[in-house]
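Have a look at the structure below, then the notes.
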Amino acid sequence: MNENNTENNTQQPAAIAINAQFVKDISFEAPHVPQIFTELKSNPEINVSVDVQAARVQDAMYQVSLKIKAEAQIKEKTAFLCEVEYGCIATVQVPAEHVEPILLIEIPRLLFPFVRNIIADLTRESGFPPLLINPIDFVGLYHQRLEEMKKQQEKQTVN
């Protein structure tokens, strides 16, 4: 048996590991309940906003937070306002140029199903149909963030 094959088949340590997941902040408001249920004849207008933040905790360990805010409106009244910040502690051992995309794209992809489930449960338990948020384009959000940073840098350079 060739020793090189044995060496090549040894497993490398995982490059990404989720060490812990947690709800960091959660809020649900339904200011017009129960009256709003009499006005709920069609689907409410729902606005969803998403924010992803990441910070180094130590060495290759990071905290990543996925914040989702969903607001439902019926005839200019707020049916509900739901905000969830869900986070994790992750160990990321990859080349430096890959750390940011992993923290802001890949890890939020892993967290999203948990946040989606929490929001669906909150809305359902509050008497509304469960809000099932569509999948989020974290790659697009990341590129949008890079564009905003580039514009800010250009603006600072001009001033």
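Descriptive notes on the structure:
- Residue selected from segment 110-159 under the condition in contact with a Phe, Trp or Tyr (Cβ under 8 Å, 6 or more places away or on another chain) and open to solvent by 70 Å² or more (accessible area, probe 1.4 Å), by the criterion farthest from Pro44 (Cα to Cα): Phe114
- Filter pass, Ile26 being at pLDDT below 95 and surrounded by 13 or more Cβ atoms within 10 Å (Cβ to Cβ): no
- Pair list, Cβ under 8 Å, 6 or more apart: segment 14-34 residue hydrophobic (A, V, I, L, M, F, W, C), other residue open to solvent by 80 Å² or more (accessible area, probe 1.4 Å) and in a loop (DSSP other than H, G, I, E, B): Ala14/Gln93; Ala15/Gln93; Ile16/Gln93
- Residue under evaluation Glu97, criteria (1) under 22 Å from Ala15 (Cβ atoms); (2) acidic (Asp, Glu); (3) under 20 Å from the mean Cα position of the chain (by Cα), criterion not met: (3)
- Flag: Glu3 does not match the condition of being modelled with pLDDT under 95 and touching a Lys or Arg at 6+ places or on another chain (Cβ under 7 Å).
- Total residues in segment 14-38, condition of a type outside the set (Ser, Thr, Tyr) and either in a strand (DSSP E or B) or in contact with a His (Cβ under 8 Å, 6 or more places away or on another chain) (or both): 13
- Test: residue in segment 99-121 that is outside any helix (DSSP H, G or I) and more than 13 Å from Gln53 (Cα to Cα): no
- Set side by side, the residues Val48, Val57, Val84 differ, and just one is closer than 15 Å to Gln21 by Cβ and in contact with a Leu (Cβ under 9 Å, 6 or more places away or on another chain), which is Val84.
- Within segment 53-66, considering residues that are in a strand (DSSP E or B) and free of Cβ contacts under 8 Å to residues at least 24 places away in the same chain, the one least open to solvent (accessible area, probe 1.4 Å): Ala55
The values are calculated or read from the model by the stated rules, or taken from the named source; none is laboratory data. This is a predicted model, so every value here is computed, not measured. Because the Cβ atoms are built from the backbone with ideal geometry, glycine has one as well, and the counts that use them run over all protein chains shown. These accessible areas exclude ligands, DNA and RNA; they are computed on the full protein's heavy atoms, side chains included. Shrake-Rupley method; radii C 1.70, N 1.55, O 1.52, S 1.80 Å.
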